[in-house]
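The values are calculated or read from the model by the stated rules, or taken from the named source; none is laboratory data. This is a predicted model, so every value here is computed, not measured. Cβ: placed from backbone, ideal geometry, glycine included. Neighbour counts: every protein chain shown. These area figures cover heavy atoms from the full protein model, side chains too; ligands, DNA and RNA do not enter into them. Shrake-Rupley method; radii C 1.70, N 1.55, O 1.52, S 1.80 Å.
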Amino acid sequence: GGKFYITQSRPITTLGHDAEHDANSSLARLRVYVEDYDVPFSPWYILNERGFLFDLPEMSNGRLSLDSALLFEKDFVIWAADPDQLTAACEYFMAKAESDESFRNSILTGHESSLKEVEQYVGTILKPADLASLDDAGLFAIYRDTYQLFADVWKWGLIIQYADMGHIKYSDKVRHELADLMAASDEGDALFASLIATTKETYVGREIMAVWKTIARIKGDPSQKDLFEKAQAFEDVPDSVREELQALADAYGFLQYYYVGPSAAAAYYFDLLKRQWSADPASAIAAKEADTAQVLALQARYESSLSPLQKLQVGLLREFGYYKELRKEVQIYLLNAAMHRWYEEVGRRLGCTAMQARYVRKDEYESMLVRGEKRLTAAELERRYEACATVLIDGKLEFLVGEDARRTKDLFLKESVASAEATAELKGMIAFKGRATGRVKIVNSVRDMAKVEEGDVMVSYSTNPSLVPAMNKAAAIVTNAGGVTCHAAIVSRELRIPCIIGAKDATKILKDGDLVEVDAEKGVVRILGK
């Protein structure tokens, strides 16, 4: 079989025919909001099991619910949700954030405290833990605690997701209200991107500056500069430089982990330094600092033109952009990277791979590790890896495996007809302004990155940290999806690369090798030739 009904208080049972019919009708109303690669079942299933089933109703005093389906097929995930319910969540939370100062502050302090708790837990519990010495119950306690950490961070992080994904995005609403201001400005549409840009430093920003400072230090030492320039591989560099590269990996390597790893090793930073070696680090650092100063000056200049409500709205979007990226860096990349050894250890005990171990639910881990009940086999977990889904409809949570999971996709996955339309121009939202011309390279997963060369235009459904090495090479970035707080928007600002987001069917219309101009002054991608 492959269909189960999960609640917090009752045992797993199969759904009846009427319930299945109602669920199918609701599934047909769902709309796809996320398609992503290299994403396993855990921790995403926590979104349905905790975030949407319990936290959303609780935080809205019972006013809101969200029908949601998560489908996993090997290394690919699709998330679909009810668009009307998602929009209702956006409208409810943003109206409350605008009118209720204490709630507004709780969003920010909730993010801050939960993220600090993750950092503290990783540093004091997970990293130093001798997992092999723990008994099964002790091993489960680690999973239980990390499950709770994921849920606690998502409790606040989902508010930003609701605001950025519904029919009516909060950013679109604010952008519309500032239309006259943008029309009267020389900046045009690019003004909005500058007004809401956060200047607070995330881990990605710190990493970029640390790399430039390392290059500056090596270039400042004539003997090490000569040895580094001659080095063909990480093993060829002097010990002191190797230690610096290892320090970069220790501090920031987790940013490459995403959901399944690996983290970046010292050799990755050797390659990164080599690629950026010809640039002047002092100029790069000065340019970044000047760009930040320019953004702050622009924001201050236009502040007098904004009404009190508009100032509040713009300020919220700045904070949302910062916390959305910081949340992913800490909750997803750091915590997942720290859990890598845990999945390897539990996989060893269950007789499965670390990847297969990511397809076990918390209640199942408790059953196996605490109560000593029958263990799932590697074959059963491999079936889940091939295809499984978690579906939340009308407060009822299903877990589906195999063909039952695949059939859910047919109910809500609607192919876009736009991809069939001939067009020489695509439009989207400016994330970081500028212009670039280059050859298209479609990059949706790590395995696509090898085809990217310096100066290419990287086109993705959406970006994630595992794709940053390709983003570093790109002359410009274009994404199908995403709002002003998405990963591509935040990272393109840090890398100072022209970026257009929300270009809808870019990955379907554009093909590898197409010559395009990315005009991130006007939010347009023009196809120049094949």
Assuming residue 501 fulfils every condition listed in (1) in contact with an Asp or Glu (Cβ under 6 Å, 6 or more places away or on another chain); (2) closer than 24 Å to residue 199 by Cβ apart from one, which condition is it?
(1)
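Being open to solvent by 50 Å² or more (accessible area, probe 1.4 Å) and over 24 Å from residue 57 (Cβ atoms) is the filter here, so list the residues in the range 102-122 that pass it. Quick ask: steps written out before the conclusion?
First, pick out the residues of the range 102-122 that are open to solvent by 50 Å² or more (accessible area, probe 1.4 Å): 102, 105, 109, 112-113, 116-117, 119-120.
Residues satisfying the conditions are 112, 116, 119, 120.
Evaluate the range 62-73: report whether one residue or more is closer than 24 Å to residue 169 by Cβ, part of a helix (DSSP H, G or I) and open to solvent by 10 Å² or more (accessible area, probe 1.4 Å). Give the derivation first.
Step one: of the range 62-73, the residues closer than 24 Å to residue 169 by Cβ are 63-71.
Still in the list and also part of a helix (DSSP H, G or I): none.
Checked the range 62-73: no residue is closer than 24 Å to residue 169 by Cβ, part of a helix (DSSP H, G or I) and open to solvent by 10 Å² or more (accessible area, probe 1.4 Å).
Quick one: which of 453, 517 is touching a Lys or Arg at 6+ places or on another chain (Cβ under 9 Å), more than 23 Å from residue 207 (Cβ to Cβ) and not β-branched (Val, Ile, Thr)? Give the steps one after another, and end with the answer.
Details: 453 fails: more than 23 Å from residue 207 (Cβ to Cβ).
Exactly one residue qualifies, and that residue is 517.
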Quick check: is even one residue across the range 436-447 surrounded by 22 or more Cβ atoms within 10 Å (Cβ to Cβ), part of a strand (DSSP E or B) and among the charged types (D, E, K, R)?
yes
The condition from (1) in contact with a helix residue (DSSP H, G or I) (Cβ under 6 Å, 6 or more places away or on another chain); (2) within 25 Å of residue 66 (Cβ to Cβ); (3) touching a residue at least 60 places away in the same chain (Cβ under 8 Å); (4) assigned to a helix (DSSP H, G or I) that residue 110 misses is numbered (3)
In the range 46-62, which residues are small (Gly, Ala, Ser) and in contact (Cβ under 8 Å) with a residue 60 or more places away in the chain?
51
So residue 270 clears everything in (1) of a type outside the set (A, V, I, L, M); (2) surrounded by fewer than 18 Cβ atoms within 10 Å (Cβ to Cβ); (3) at pLDDT 95 or above; (4) more than 30 Å from residue 165 (Cβ to Cβ) except one condition, right? Which one?
(2)
Out of the residues in the range 31-60 that are open to solvent by less than 30 Å² (accessible area, probe 1.4 Å) and among the hydroxyl-bearing types (Ser, Thr, Tyr), state the one that is nearest to residue 480 (Cα to Cα).
33
Condition first: part of a helix (DSSP H, G or I), open to solvent by less than 40 Å² (accessible area, probe 1.4 Å) and under 29 Å from residue 338 (Cα atoms). Now tell me which residues in the range 212-251 satisfy that.
212, 214, 215, 234, 241, 245, 248, 249
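Take the residues in the range 123-154 that are among the small types (Gly, Ala, Ser) and touching a residue at least 12 places away in the same chain (Cβ under 8 Å); name whichever of them is most open to solvent (accessible area, probe 1.4 Å). Break it down into steps so the answer makes sense when it comes.
Of all residues in the range 123-154, those among the small types (Gly, Ala, Ser) come to 123, 129, 132-133, 137-138, 141, 151.
If we keep only those that are touching a residue at least 12 places away in the same chain (Cβ under 8 Å) as well, we get 129, 132, 137, 151.
On the way: 129: 22, 132: 67, 137: 48, 151: 3 Å².
Once the filter is applied, the top-ranked residue is 132.
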Restricting attention to the range 475-507, which residues are part of a loop (DSSP other than H, G, I, E, B) and open to solvent by 10 Å² or more (accessible area, probe 1.4 Å)?
475, 480, 481, 482, 486, 496, 497, 498, 502, 504, 505
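Take the residues in the range 380-409 that are of a type in the set (Lys, Arg) and open to solvent by 30 Å² or more (accessible area, probe 1.4 Å), then tell me which one is nearest to residue 34 (Cα to Cα). If you could, list the steps in order and put the result at the bottom.
As a first pass, look at the range 380-409 and keep what is of a type in the set (Lys, Arg): 383-384, 396, 406-407, 409.
The next check asks that each one be open to solvent by 30 Å² or more (accessible area, probe 1.4 Å); those that pass are 383, 396, 406-407, 409.
Values: 383: 23, 396: 22, 406: 17, 407: 18, 409: 13 Å.
Per the stated criteria, the residue is 409.
For the range 298-310, give me the residue count where each residue is surrounded by 14 or more Cβ atoms within 10 Å (Cβ to Cβ) and within 17 Å of residue 95 (Cα to Cα). Walk me through how you get there before you give the answer.
Of the range 298-310, the ones surrounded by 14 or more Cβ atoms within 10 Å (Cβ to Cβ) are 298-299, 302, 306, 310.
After this cut, where a residue has to be within 17 Å of residue 95 (Cα to Cα) as well, the list is 310.
Qualifying residue count for the region: 1.
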In the range 452-474, which residue that is in contact with an Asp or Glu (Cβ under 7 Å, 6 or more places away or on another chain) and not in a loop (DSSP other than H, G, I, E, B) is surrounded by the fewest Cβ atoms within 10 Å (Cβ to Cβ)?
473
I want to confirm something. Restricting to the range 273-297 and keeping residues that are outside any loop (DSSP other than H, G, I, E, B) and open to solvent by 70 Å² or more (accessible area, probe 1.4 Å), which single residue is farthest from residue 163 (Cα to Cα)?
275
